[in-house]
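Data block below; observations after.
The values are calculated or read from the model by the stated rules, or taken from the named source; none is laboratory data. None of these values were measured; they are calculated from a predicted model. We place every Cβ from the backbone using ideal geometry, glycine too, and count neighbours over all the protein chains shown. With ligands, DNA and RNA removed, areas are computed over all heavy atoms of the protein, side chains included. Shrake-Rupley method; radii C 1.70, N 1.55, O 1.52, S 1.80 Å.
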Amino acid sequence: MKQIASHVCKAAALAGLLWAGATQAQAPAPLADYPKQAITIVSPFPPGGGNDGVARLLAQELGAITGQSVVVENRSGAGGNVGTAQVSRAKPDGYTLVMSQTSVMAVNPRLYKNVGFDPIKDFVPISQITSAPLVLVARAESPYKTLNDYLDAARKQPGVITYATPGNGTMSHLMGALVSQKAGVKLVHVPYRGAAPAITDLMGGTVDMLITSPASAEPMVAAGKLRILALSHENSIGLFKGAPTLKQAGMDGITADDWYGLFAPAGTPPDRIAYLAQAVEQAMKSPGVIAKINSGGSWAVGSKPDAFKTRLQEDAVYWAGMVKTAGVSLD
């Protein structure tokens, strides 16, 4: 738990540094042979979710910095595994990247028997883009005013009360399993192919609660259509600042810091990785980018490749332990 808290504090501190250095960013010097064509960022989830939104925000900024088109392609499936695996097999030339996240790179490999890729061996980390808690939300008109209201309903109706997630194997799925275990209730997991369809069904009353990223939930929270029941840690921002936490709801020992990050296939030339890292660093110092990410409930990070690699390795160990505690596994 201390590891997660440390990462969150570092992210918040770095966010302040990004604001301070916003006018000092320098564009990377183009390489002799790169970039010469459009760059693709794969979002391994459907359009409309937090991963897709951050990918498109970064793509727009990188297009202006690199002088090339930067496009986002959505290749969803298996909790982000499908698109991520495809990028792991892409030509390592710096033209195909993936916007992945904690659940895909640190959680899924511990849940699935075969995700189709090795997050450490098959990718080169470029930069951690954001840091945020997970958010547990219900419809504003639902009877659940608090997380404990929701859990009390589950105690009275075992195996009936549901929670939606962006997919099997996502960190949201694992968080739901941990909450169910900690509270001693039987919750029904309803996985979707991304956050956007899950939100649609939540609003329609098909499911009772959703666990997702702040960026995915923020539009409906801002519109007053979703109620925040809990956050997975206390270091929140924007509309989510001051919202109740799992710890405050009696879920002590369950905490999570979710990130989005940019990766390239292993074997991508180091000079191209360095160029991309510098371009991302400049993009992440844009006040407009920082404001947009913050308004979605996330901290803007923009770490360097080595720091992001260390973060990935540490998270792999942390989430392996959490998966074991939850007792969740997938074929």
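A few remarks follow.
- Counted residues, the range 52-89 - those being of a type in the set (Val, Ile, Thr) and closer than 20 Å to residue 192 by Cα: 3
- Residue 309 among the charged types (D, E, K, R), in contact with a Pro (Cβ under 8 Å, 6 or more places away or on another chain) and in contact (Cβ under 8 Å) with a residue 24 or more places away in the chain: yes
- Residue within the range 46-53 that is at pLDDT 95 or above and over 21 Å from residue 283 (Cα atoms) present: no
- Sole residue being modelled with pLDDT under 95 and over 22 Å from the mean Cα position of the chain (by Cα), chosen from 143, 158: 158
- When restricted to residues that are at pLDDT 95 or above and aromatic (Phe, Trp, Tyr), the range 72-118 contains 2.
- Looking across the range 175-211 at every residue that is assigned to a helix (DSSP H, G or I) and more than 21 Å from residue 148 (Cβ to Cβ), the one that is most open to solvent (accessible area, probe 1.4 Å) is identified as 200.
- For the range 212-224, taking the residues that are of a type outside the set (A, V, I, L, M, F, W, C) and under 21 Å from residue 174 (Cα atoms), the one that is surrounded by the most Cβ atoms within 10 Å (Cβ to Cβ) is identified as 213.
- Residue match in the range 24-42 (condition: modelled with pLDDT of 95 or more, touching a helix residue (DSSP H, G or I) at 6+ places or on another chain (Cβ under 7 Å), assigned to a loop (DSSP other than H, G, I, E, B) and surrounded by fewer than 24 Cβ atoms within 10 Å (Cβ to Cβ)): yes
- Scanning the range 225-235 for residues that are open to solvent by 20 Å² or more (accessible area, probe 1.4 Å) and of a type in the set (A, V, I, L, M, F, W, C) yields a total of 1.
- Residue 173 meets all of the listed conditions (1) in contact with a helix residue (DSSP H, G or I) (Cβ under 7 Å, 6 or more places away or on another chain); (2) of a type outside the set (A, V, I, L, M, F, W, C); (3) at pLDDT below 95 but one, namely (1).
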